[in-house]
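Notes for the one structure printed next.
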Amino acid sequence: MTITIYHNPDCGTSRNVLAVLEAAGYTPTVVEYLKTGWTLDQLLKLFTDAGLTPRTALRETKSPARELGLLEPGVSDETILSAMLEAPVLVNRPIVVTPKGTKLCRPSEVVLDLIDAYPPGPFYKEDGQVMIDADGKRVV
């Protein structure tokens, strides 16, 4: 299965999603988008495939979104997209692409909808919360 994760190694949720993928035996292509940046076509495709809009994909906390006025009502998608191209941190993460679909994986358990095999259980997130129990079943 071909998997791509748009990843920020400083984000706990992103690290959890990458850890799930690797523990399940996948070797995803890791795109550190803060280093590579985005293209407009790339963002439009990811958002369309994931059912997102620029506003719903906008990272509102720990980003300059508020300072840039992007949280105000009436800000256009084009304005948000332009800002995302200038400041890649404005895009919420991680976004994962597999043959089963494309999703913004927040919370990290969302990634389980995109893969065929789960990691062996028990599997814990960084904060100690159980994601996969000892029987290999998803914990809700």
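Quick check on my link table: of Lys35/Lys62; Lys62/Lys137; Lys45/Lys100; Lys103/Lys125, which ones sit more than 21 Å apart, alpha carbon to alpha carbon?
Lys62/Lys137
Find the accessible area per residue for the chain; the probe is 1.4 Å, ligands and nucleic acids are left out, and the unit is Å².
52 Å²
Under 13 Å from a label point 7 Å along Cα→Cβ of Leu44: give me every residue in region 66-109 with its amide N that close.
78, 81-82, by backbone N distance to the label point.
So what is the 222 nm mean residue ellipticity for the chain from helices alone, if each DSSP H run of at least 4 adds -39500 (n - 2.57) and you divide by all residues, rounding to the nearest 500 deg cm²/dmol?
-7500 deg cm²/dmol
Which percent of the accessible area of the chain is formed by carbon and sulfur heavy atoms (probe 1.4 angstrom)?
Of the solvent-accessible surface of the chain, carbon and sulfur hold 51 percent.
Can you tell me the equivalent ellipsoid semi-axes for the chain? Use √(5λ) from the Cα gyration tensor, largest first, whole Å. Numbers along the way, then the final one.
Numbers: eigenvalues 164, 46, 32 Å².
Equivalent ellipsoid of the chain: 29, 15, 13 Å, largest first.
Provide the per-residue ³J(HN,Hα) series for region 107-122, in order, calculated from phi with Karplus coefficients 6.51, -1.76, 1.60 and θ = phi - 60°, each as a whole number of Hz, with x at glycine and proline positions.
x, 4, 4, 4, 4, 5, 6, 9, 10, 7, 10, 8, x, x, x, x
Can you give the Rg/Rh ratio of region 61-140, where Rg is from the C-alpha atoms and Rh is the Kirkwood radius?
When Rh is taken as the Kirkwood radius, the ratio is 1.13.
Taking amide hydrogens as modeled 1.01 Å from N in the peptide plane, which residues meet the under 5 Å criterion relative to Ala24, leaving out close sequence neighbours?
none
Would you mind checking the tilt of helix 40-50 against the longest principal axis of the Cα atoms of the chain, expressed as 0 to 90 degrees and rounded to 10?
Its long axis makes an angle of about 50 degrees.
The values are calculated or read from the model by the stated rules, or taken from the named source; none is laboratory data. Predicted model only: the values in this text are computed from it and were never measured. Cβ: placed from backbone, ideal geometry, glycine included. Neighbour counts: every protein chain shown. What goes into the accessible areas is simple: the full protein's heavy atoms, side chains included, and nothing from ligands, DNA or RNA. Shrake-Rupley method; radii C 1.70, N 1.55, O 1.52, S 1.80 Å.
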